[in-house]
Structure formats: C-alpha cells, structure tokens
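The values are calculated or read from the model by the stated rules, or taken from the named source; none is laboratory data. Quick caveat, the model's predicted, so the values are computed rather than measured. Ideal geometry is used to build each Cβ from the backbone, glycine not excepted, and the neighbour counts take in all protein chains shown. In case anyone asks, the SASA skips ligands and DNA or RNA and just uses the protein heavy atoms, side chains included. Shrake-Rupley method; radii C 1.70, N 1.55, O 1.52, S 1.80 Å.
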Number of protein chains: 2
Amino acid sequence: NHIIVCGAGRVGQHVVSRLVKEDVPFVVIDKNPEIIAKLTAEGILAIEGDAAEDEVLEKVGIKKARGLITALPGDADNVFVALTSKELNPHIKVVARANHVESQNKLIRAGADKVISPSVIGGRRMAISMLKPVSVDFVETLIHQGFEIEIEEIVLGNNSPLAGKCLKESGIKQKTGAMVVAIKRGEDIINNPSADDVIMGGDLLIVLGTRSQLAELEAMASPR
Amino acid sequence: NHIIVCGAGRVGQHVVSRLVKEDVPFVVIDKNPEIIAKLTAEGILAIEGDAAEDEVLEKVGIKKARGLITALPGDADNVFVALTSKELNPHIKVVARANHVESQNKLIRAGADKVISPSVIGGRRMAISMLKPVSVDFVETLIHQGFEIEIEEIVLGNNSPLAGKCLKESGIKQKTGAMVVAIKRGEDIINNPSADDVIMGGDLLIVLGTRSQLAELEAMASPR
Ligand SMILES: [Ca+2]
Ligand SMILES: [Ca+2]
C-alpha cells in the first residue's frame, strides 16, 4: 500500500519532499547514483535503476503499491512507465508529469489517471500572482503548506451521526468552526453548500479549517 | 497600466493564455519570430526582441506598465530582466520564473516581488494529486478555471455599510451565500473567521462564491 516515485530530479525532488511531509510510505527509483546516495542519507528508501524496466518496478513492489508518480524529464519515458505499471498492476493509480502540453493526451491514453504539467501550472500561477496576489498566497497556503488553515477530505460513513442532517442541524460550523466548502456525491459536486443542504452517508466533504477544528469534525462525524 | 510578458515559450505561453482569459491589457516580448507571428495572428500584441535590452523594454512602455512577468527559460536572463525593469521603473511589480530552486533568492535580491518555480509547484501538485485528488481538483477549479465557484478579493471601503459589523450582522453568508474564508488586515490574516469576527474599513476579504453571489456581495459592500 505504498507509493512509487520514478525520478527525483528537478520536479521529482519536490514530490519526495511533499510525501515526506505527509508521512506516507514510498520508495524512489532514479538512474542517478548521486541522487540515490543523497536520498538514502536522508533516510529515504531509494533504489538505483531504470523505472522503464519491469524488473525494477517489480523489485519496488509495484503489484502491492497503491500509486505510482512518474516525474521523469522525458515525456516518452513517462508514457512508457505509465503503460508498464498499469500492465503489471491494473489497479494502481498513476500520476504523470507532462513536460510538453502535447504529451498530455498520450499519457492519458497510456493509462495515467492524472497528468500534471509543471509548465502549464507554473505559467497560470505567474499570471494569477500578478492579478490576484492575495488569493494565490491564500490558496498556496491551503494546498501546499497548511500553515494555519488546511483543506481536508472527510468521507461521511453511513452510520455517521451527521448523515441525513442539513448543515445547520449538523452543527459543523457552529461546534467546530470548520467550513464545508463543497460536497462530492458520486459524480456531482455541490459547491459552496448552504445551511439547508443535507449531507448524506457516502458523501465526501471538502472542508477548510485549522488542524484542531478538522480533528474535532472527524470525531463528530465518526459513529459512536 | 499594462503588463509586459517576457518570453512566451513553454511556460510563458500559459501566462499569455491566462491573461487573455482575464481580459487585461498586455504585450509580449520574445526573441523567436515564429512565436511572435503566431501571437500576432491571434490578435495578441507581441514584439520580437531581447527583453534584456533597455531599448526593448522602453519600446513596450515599461515606464507606464503596472507589471512585468519574466518567464524566460534561463534563470540568469530572468535575474537580468528583473534588475533592468526595476531600474527603469521602480514601481513596477515583477513576477519571475525560477527554473532552479537555487535561483529563487537571486531573483528576490534582483527585485522580483514574487518568484514562481514551475518544478516546485508541479512536484508538490503531483504528490497532492496522489493523496488528495478531490481537493486538488477543487482548488484547481478555484484558482484556475472558476467553473462555478470563484475566489475573489474584495476591499472594504471605509464608507461601506458592512464596515464595523461582525460577519453575522453583515448578512454576507445569509443574503448572498458567499463565504468569507479569510480577512487580510494590514499584515495580519484572519483565517476562517467566525460569525462574531468584525470586518472593518480597509480590510481585504477573501471570499468564495459563484459569480452572481460575488456580484451581489460587491453591491452590498459598496457605499450607498
Ligand atoms: Ca524529475
Ligand atoms: Ca517561456
């Protein structure tokens, strides 16, 4: 139930530091022995090898992994790794880096579940930083740092005492201070729900709040 | 009062498409005549030249520009452009691309107001997409697309009828449905404010809502 990171170069190194922060189990594959030595010295599980080879992916336990992030500098390599990993484990979730926008479709067709293009995100972010500087800082805080306020996803169990209540009755905002900013129900997303919107078992709540507010909410949502 | 974009390559092209969407006046500088021809054909103001040269920056009106976004592939070039543009117009806001994390400090010392590293943002985003897929989609919607829900910054005037009221009294949530997710007051940020928090003249409110909710709020906030 671990995550495999292919490539810890210019982009992959930031995948790694984020996974360290989130404290989830993962292993890194990189061709560069210096990168492997550096990661190993930091206490990170890392092996030298070519992620495009079946044996290497098998060695890092692809069949039992829950996800693979391929952040190699070459798009052809990322396509190849996406294909290979889905072949070896059809249930694995694959997030792939696209260096050129043109590669996005190829990566999706190769089986990637999500494609991230650093150039696209970076370019947009530069424009928005110019136009809406505060929002960018705020949203960066939300998704990247979680200084004070964090964004969390909470799945409401069918036995949750909150299931079947409207937001006002649920007391989420009043008792914990946390804010439900969206409700995902199957394929539907209810953005910015009102106090009268009902939350149901199986809903995924997207919630903003401090760490302690979110912990309080998780406790409230759990069946007694 | 326009924006100058230096470099419309792999990253800069996405700066451009975002500025087109936001409908703000801007001009592009790029060395590559093919890129200039393509932009011009799309009706975008673009001139061929080296953004590192004073004459080129003067030609695109740097002295009257409100901002400059330097998205060149070389960090040394971005440092140079940041320095030059602040020299020619000390009031200009500069957003710079850093290709290597190590360049971030140099760009800040060169006068950049904000430095964006596509590799850093891309890497983090890949990790978060693996761990919190719904939040990433949600936040991407917020800052990048604004499908239904948008994030907006509203400055509360001193004469605003909302100034001096607590959030509950203000009726923002009740009357418009929009959500105040943070209040920026001078250097302080009040995250996730409660119903009893008072909003004051001069505050910058960061608000989530649909376009119509936000329009309603802007009307409510304006002095009569
Ligand atoms: Ca990499
Ligand atoms: Ca560029």
Suppose we keep only residues that are surrounded by fewer than 21 Cβ atoms within 10 Å (Cβ to Cβ) and touching a strand residue (DSSP E or B) at 6+ places or on another chain (Cβ under 7 Å) within the range A:204-213. Which one would you say is farthest from the other protein chains (Cβ to nearest Cβ)? A:R211
Flag for B:V120 being surrounded by fewer than 22 Cβ atoms within 10 Å (Cβ to Cβ) and within 9 Å of another protein chain (Cβ to nearest Cβ): no
Cβ-Cβ under 6 Å pairs, at least 6 apart or on other chains, the range A:1-20 side touching a residue at least 24 places away in the same chain (Cβ under 8 Å), far side within 16 Å of ligand 2 (Cβ to nearest atom): A:R10/B:S119; A:V11/A:P118; A:V11/B:S119; A:V11/B:G122
Please specify each residue of the range B:28-82 satisfying the condition of being β-branched (V, I, T) and within 19 Å of A:M130 (Cα to Cα). B:V28, B:I29, B:I44, B:V60, B:I62, B:I69, B:T70, B:V79, B:V81
Restricting to the range A:138-164, count the residues that are out of contact with any Phe, Trp or Tyr (no Cβ under 7 Å at 6 or more places or on another chain) and either modelled with pLDDT under 60 or facing chain B (nearest Cβ under 7 Å) (or both). 13
Six or more apart or on different chains, Cβ under 8 Å: which pairs go from a residue in the range B:53-76 that's over 12 Å from B:D30 (Cα atoms) to one that's open to solvent by 20 Å² or more (accessible area, probe 1.4 Å) and within 16 Å of ligand 1 (Cβ to nearest atom)? Could you list them? B:D75/B:H100
Go through (1) open to solvent by 10 Å² or more (accessible area, probe 1.4 Å); (2) modelled with pLDDT under 90 for B:G111 and report which single condition fails. (2)
Please pick out the residue among A:G67, A:G61 that is at pLDDT 95 or above and on the phi > 0 side of the Ramachandran plot. A:G61
Which number in (1) surrounded by fewer than 21 Cβ atoms within 10 Å (Cβ to Cβ); (2) within 26 Å of the chain's Cα centre (by Cα) marks the one condition that A:S194 misses? (2)
